[in-house]
Amino acid sequence: MDFKKYLNIHPEVENAITEKKPVVALESTIIAHGMPYPKNVQTAMEVEDIVRKNGAIPATIAILNGKICVGLNKEQLEMLGNSGDVWKVSLRDMPYVVSKNLPGATTVAATMRIAAMAGIKIFVTGGIGGVHRGAEKTMDISADLIEMSRTNVAVVSAGVKSILDIGLTLEFLETHGIPVITYSQDGFPAFYSRNSGFRSPLRVNTANEISNILNTKWELGLDGSVLIANPIPENIEVPKEIMEVYIKQALKDAIDQNIEGKEITPFLLKSIVNKTGGDSLKSNIALVKNNAELGAKIAKSLIDSQ
Ligand code: PSU
Ligand code: MN
């Protein structure tokens with residue numbers, strides 16, 4: 001296939017894929033646009049370590065010098081986290097950013113597609129994009145959701161941030177045939193908070209059961225992702241009611257400042273970190289690490305079952 005000439009797969013990742021070792025894909029928008037420097041770069045490296053400690057090889061994905069890079073070195077992570085001049089690349093931006101040799105951090109949608117190109121089945125992030133509040137007027141629905149309806153890469157996240165309309169996001173996932181599995185509890189999690197107030201469509205208690213569901217889905221020819229929602233650890237969660245105050249303020253700021261399109265999600269993420277005096281950032285980091293652990297276990301189980 002033609003896309004191979006654009007791929008630059010890190011030798012360690014390539015070797016793991018060929019030798020059928022577990023690999024976990026990681027996104028880079030969370031580094032460049034989701035967290036402030038230097039915590040973003042530090043977190044990215046720690047998350048990679050956690051993936052390794054749990055028996056899988058990490059592959060952080062980004063676009064650099066006209067190449068789609070699968071697996072990054074420290075300098076590349078540092079550049080993405082610190083340069084301030086990095087594109088947020090969702091699917092629609094990929095041809096432009098690649099052909100213009102621009103630096104790009106990939107969203108959930110773009111990272112999933114690239115992971116599939118490279119043959120990686122498991123992808124870990126913090127939170128996915130979804131249906132925004134007010135989408136009945138704005139039609140602001142993340143490309144992440146559409147991508148999840150067609151690409152065979154499972155996504156581990158801490159649920160969905162309540163900057164979004166969680167109810168509508170769950171409806172959208174159902175409409176598009178995307179299974180939603182919450183790990184070890186009945187309620188669907190809301191990123192900083194263990195519970196969103198919505199019941200999870202499915203609950204599963206072990207990584208092995210999750211990998212069984214993935215195998216079954218894809219063997220049945222049911223294309224698309226599975227959303228694995230992993231609740232934030234109890235000791236670091238921020239209760240929903242507290243977050244809601246900050247989120248409402250952030251949403252109001254976005255409207256007052258005419259923030260539009262792809263800028264909305266990064267604006268809200270930054271605004272919430274500022275408003276919580278950095279507390280939300282601590283939770284954000286802890287939940288991504290927690291997801292990395294579960295994602296690596298699922299990747300391992302998926303390989304062991306084949
Ligand atoms: N939600 C989060 N943290 C994030 C993002 C979303 O809680 O870092 C990032 C992810 O990269 C996601 C992207 O794919 O934002 C979605 O952007 P948009 O809503 O513009 O599709
Ligand atoms: Mn959008």
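What follows draws every value from the coordinates through simple rules; no lab data is involved. Everything numeric here is computed off the predicted structure, so don't read it as measured data. Ideal geometry is used to build each Cβ from the backbone, glycine not excepted, and the neighbour counts take in all protein chains shown.
Numbers below:
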item	result
Globularity index of segment 72-201, i.e. its alpha-carbon radius of gyration over 2.2 N^0.38 Å	1.12
Under 11 Å, Cβ to Cβ, from Pro201 - net charge with Lys/Arg +1 and Asp/Glu -1	-1
Sparse-neighbourhood loop sites, GluC sites (Glu not before Pro) in segment 1-49 - DSSP loop, at most 16 other Cβ within 10 angstrom	Glu19
DSSP beta bridges in the chain [antiparallel fraction, %, rounded to 5]	30
Estimated inter-spin distance, Lys248 and Asn15, nm [label 7 Å along Cα→Cβ]	5.5
Long-range amide H partners of Asn8 with built H, under 5 Å	Ile68, Cys69, Val70
Segment 68-202, dipole about Cα centre (Lys/Arg Cβ +1, Asp/Glu Cβ -1), debye to the nearest 20	120
Residue of Asn258, Asn284, Asn65 that the Gaussian network model of the chain assigns the largest fluctuation, springs spanning Cα pairs under 10 Å	Asn258
Environment charge of Ile285, counting only residues whose C-beta is closer than 14 Å and scoring Lys/Arg +1, Asp/Glu -1	-3
Distance from segment 46-106 to segment 139-210 (C-alpha centre basis), Å	24
For segment 147-306: Kirkwood Rh in Å [reciprocal of mean 1/r, alpha carbons]	16.5
At most 13 other Cβ within 10 Å, DSSP loop - trypsin sites (Lys or Arg not before Pro), segment 205-285	none
Under 14 Å, Cβ to Cβ, from Leu164 - net charge with Lys/Arg +1 and Asp/Glu -1	-2
Coordinate range along principal axes, alpha carbons of the chain, Å, largest first	49, 42, 35
Sequence-separation-based contact order of the chain, relative, with Cα cut under 8 Å and 6+ spacing, percent	20
Under Karplus coefficients 6.51, -1.76 and 1.60, residue-wise ³J(HN,Hα) of segment 13-26 in Hz, glycine/proline x	6, 4, 4, 4, 5, 5, 8, 6, 9, x, 10, 10, 7, 10
Cα-centre dipole for segment 22-116 with unit charges at Cβ (Lys and Arg positive, Asp and Glu negative), debye to 20	220
Links that overshoot a 32 Å alpha carbon limit, given the list Lys74/Lys262; Lys74/Lys282; Lys67/Lys300; Lys67/Lys248	Lys67/Lys248
Ellipticity estimate at 222 nm from DSSP helix runs (n ≥ 4, -39,500 (n - 2.57)) divided over the chain, nearest 500	-14000 deg cm²/dmol
Segment 33-43 - phi-based ³J(HN,Hα) in whole Hz, Karplus 6.51/-1.76/1.60, Gly and Pro as x	10, x, 9, x, 6, x, 4, 4, 5, 4, 4
In segment 24-112, the trypsin sites (Lys or Arg not before Pro) that fall in loop regions by DSSP, at most 11 other Cβ within 10 Å	Lys100
Where the Cα pairs of segment 1-124 fall when distances are cut into 5 Å bins, in %	2, 12, 24, 26, 20, 11, 4, 0
